[in-house]
1. Under a cut-off of 19 Å between alpha-carbon atoms, report the aspartates and glutamates in cross-link reach of A:LYS118, not counting same-chain residues fewer than 8 places apart.
2. Please compute the average number of Cβ atoms from other chains found within 10 Å of each residue's Cβ in peptide B:71-81.
3. To test your reading of the geometry: what angle, between 0 and 90 degrees and rounded to tens, separates the Cα axis of helix A:178-193 from the longest principal axis of chain A?
4. For a Förster distance of 56 Å, can you work out the FRET efficiency between the beta-carbons of A:LYS12 and A:TRP193, rounded to the nearest 0.05?
5. Starting from a Cα-only point model with no solvent, please compute log10 I(q)/I(0) by Debye for chain B at q = 0.08, 0.09, 0.16 1/Å.
6. Among DSSP bridges having both ends in the stretch A:3-193, what percentage is antiparallel? Round to the nearest 5.
7. Charges at C-beta only: +1 for Lys and Arg, -1 for Asp and Glu. How large is the resulting dipole of the stretch B:157-281 about its Cα centre, in Debye rounded to 20?
8. Under a Cβ-only charge scheme (Lys and Arg +1, Asp and Glu -1), can you give me the dipole magnitude of chain A about the Cα centre, in debye to the nearest 20?
Amino acid sequence: MKEVILNTPIQKEQVSDLDVGDVVYITGIVYTARDMAHLNIKKLLQDKKSLPEDFDGGVIFHAGPVVKKVGDGWGIWAIGPTTSARMEPYADMVGQLGVRAIVGKGGMGEDTLESLHKYGGVYLLAAPGCGVVHSEAVKKVLRVHWLEELGVPEAIWVMEVDKWGPLVVGMDSKGRSTFKDIAEKATTLKNQWFK
Amino acid sequence: MSILADDGTFDKQFLKEQLSSLLKERVCTTISPDVKYLLKKAHDAETTDSAKGMIKTLLTNVEMAEKQKKPVCQSPGYPTVYIRYGKCANIAELVDVLKQVISNITKEGFLRPSMVHPLTRKNTGDNSGIGVPNIELEHDSALGFVEVLISFKGCGAELGNAVKIFTPAQIGENAKGIKEFVIDTVIKAGGKPCPPLALGIGIGGQMDVAAKLSRRAVSTRKWTDRNPDPELAVMEEELLDKINQLGIGPGGIGGKSTALAVKIGMSHTHPAICPVAVNFHCWVARRGGIRIYPDGKIEYLFGEEDK
């Protein structure tokens, strides 16, 4: 098991070394994105319009924070992972954007596993339900996109983080997934119980 | 005017203050004491560094939230309020106060604005909305108090929920068919419902009744209690034991602590059917309640950190 610090922008080579179970800390810029942000990005790409950010080498955090107005800017009061499986339909798009790390909870499916392998990326598991722990790593909100249109949880919050973690590699770029392994073992057990 | 007058009117200001401090101090910024107790036990039972470490982080987060008076989890989930009342309670007034309190503490940063239109997905901005909060009323003319139990239940967890209308043949011997359905549902949900989770199961009635029973069982019962129905108590224990053999573990990272509790609610049903609803609750059990007596005496539900 390795323990590494990833600074953004992250190079493809840095994530191809990672294996499931490794522990990662992130320093740099993180973009929150949930269902509606993914949908907006998809529409912009379809219409060949420009995106609000360059996600190449970036980190996407499946999260919607609790925020407070601080002076002219924003403070992150609480932030933690949301259920990543909802973003599964955008697996290939996220890979194409050059996103190197997806952070969330609960894991993702086959399409994401394929995308991580094809484009070079990892899925990182953040401790679920830990709004305060994760907010400690956020140093600054740099900007926010689509706040009026989508509301607080669904907007893209661009944040600067410092040694954010521990985040555990749940899916790597070599086609391995902790979640898939656990589900297979659990299913075998269930089939023994109920044969 | 007394706090709760014979004609059903409340001292609105008193009620607003009580509910507001209940939510800020005992609900949004912590988890119920029974669940804290179970999490600590789960931490001690785990044998791997990763599972132990994960639960340690969950417990640390609760401590920090309490100390810093911040939301323990960024997602407030969906609010449900269980109200029990006797002969004298002006429910419309009580609901009105509840809505105001939820909107106010949202603006203060204790809840993220999270209620959206189901189709347009437009956020209302203050956790108001049609049907929000979900109100469940129970009338008992013998009650000498009004009880308000509020649960903020995470909704990512609800993505794994499932309902099945069983035929009598599908129930199987010793409810084998129902147990398999429950275990299957837990495996499919994996790490999504923020394990260590609790499972509410509603059995009987019609579809909506089973769903309501499942929510009530997991939201209002202490996760450390024992079902007063001995048959259901045994079923709860068997399912909990099986779920914790699945290896999903805290956060879905692998381990022994997949579930902290299984709670079953039951209603009689029709000979043609047996509806079963499975309802996931994340570990972040933000719930609390008060009993308000006519003289202004207040009792808190869920009590201290023990069994």
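Readers should treat all values here as calculations from the given coordinates under stated rules, not as data from a laboratory. Treat the numbers as computed from the prediction; the structure is a model and nothing was measured. Every residue, glycine as well, gets a Cβ built from its backbone with ideal geometry; the counts of neighbours run over all protein chains shown.
1. A:GLU13, A:ASP17, A:ASP19, A:ASP56, A:GLU88, A:ASP92, A:GLU110, A:ASP172
2. Numbers: counts 9, 7, 10, 20, 14, 2, 0, 0, 0, 0, 0.
Taking all residues of B:71-81 together, the mean is 6.
3. 40 degrees
4. 0.85
5. The calculated log intensity ratios at q = 0.08, 0.09, 0.16 Å⁻¹ are -0.36, -0.46, -1.37.
6. Of the beta bridges lying entirely in the stretch A:3-193, close to 60 percent run antiparallel.
7. Using only the charged Cβ atoms, the result is roughly 340 debye.
8. So the dipole magnitude of chain A works out to roughly 340 debye.
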